[in-house]
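Asker: So that we are looking at the same thing, I have put the structure below in structure tokens.
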Amino acid sequence: MKQIALDIGLATGPTLASFFAGPNEAALRHLELWVGDKSSSLTRSPVPIYLWGSEGSGKTHLLKAVQTALGEQGASVGWLDASVLEPPEFDERWSAVLMDEVHLYTAVQQHAAFNWFVNAQTQQIGVLGAGVLPPADLKLRDDLRTRLGWGHIFQLHVLSEPERRAVLRQAADARGVFLGDEVMDYMLTRFSRDLGSLMELLDLIDGYALQTKRGITIPLIKSMMENS
């Protein structure tokens, strides 16, 4: 059965608190300590961090959550992913450099990423990168690949289906709503299976159910998608 991508608007973005760690607890705890709070910005470790794992393992969620957390502290960051075709120059006001989807970088993006990395090291600010492969297997220029690989490296694992079901059930219970097994099956087979998308879908379904004063059923989900 073909899965439907979840690309409808969301009210809230990823946060560290909303990331269900499961087997990725070590990476989450490290990032929580690294982000710290406003008073710890001067002592944040400049040692780079690299996250790798398959699609749906939570890499982008964590990078965007770090961006949000630093923004709430009043800090600005450099952000580079595969969609940024013309990367800006390094900005000395940045408190961190975040590089997502490094495995997809073009030659231009690799050049910018290396420049950012060198400047970040000079300024003693941290770099957080992510890709689907471990550093040694990245098809990138050598000087960038080796820099991505010399710091803290965490492999992220996709949650198992029982884990995803348990998280959805727990989140639904916290909202005071009931998810039947048929609804759960529908969500897991017809939509993106990564946990972040499923949690966002649950938020949308819950909101639509409240708006229409209906219980959460498969017809309600279909109606929501038709009217989105």
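Asker: Please list the equivalent ellipsoid semi-axes of the chain, computed as the square roots of five times the alpha-carbon gyration tensor eigenvalues, in descending order and whole angstrom.
Answerer: That gives 35, 18, 16 Å for the three semi-axes.
Asker: Given Cα pairs under 8 Å that are at least 6 residues apart, what percent is the relative contact order of the chain?
Answerer: RCO, the chain: 26 percent.
Asker: Still on this model: Please state the relative contact order of segment 161-226 as a whole percent: Cα pairs under 8 Å, 6+ residues apart?
Answerer: 33 percent
Asker: Please find, in a Gaussian network model of the chain (springs between Cα atoms separated by less than 10 Å), the residue of 132, 84, 158 whose mean-square fluctuation is greatest.
Answerer: In the Gaussian network model the winner is 84.
Asker: Ignoring everything except DSSP H segments at least 4 long, calculate the 222 nm mean residue ellipticity for the chain; use -39,500 (n - 2.57) per segment, divide by total residues, nearest 500.
Answerer: Value at 222 nm, helices only, nearest 500: -14000 deg cm²/dmol.
Asker: To continue, here is another question. From the P(r) of segment 22-155, can you give the percent of Cα pairs sitting at distances over 20 Å?
Answerer: Percent of Cα pairs beyond 20 Å in segment 22-155: 39.
Asker: Here is a follow-up. Taking the Cα-to-Cβ direction at residue 185 and at residue 106 and moving 7 Å from each Cα, how far apart do the two end points lie in nm?
Answerer: 4.6 nm
Throughout, read-outs are computed from the coordinates displayed, never taken from laboratory work. These numbers come from a predicted model, not from an experiment. Cβ: placed from backbone, ideal geometry, glycine included. Neighbour counts: every protein chain shown.
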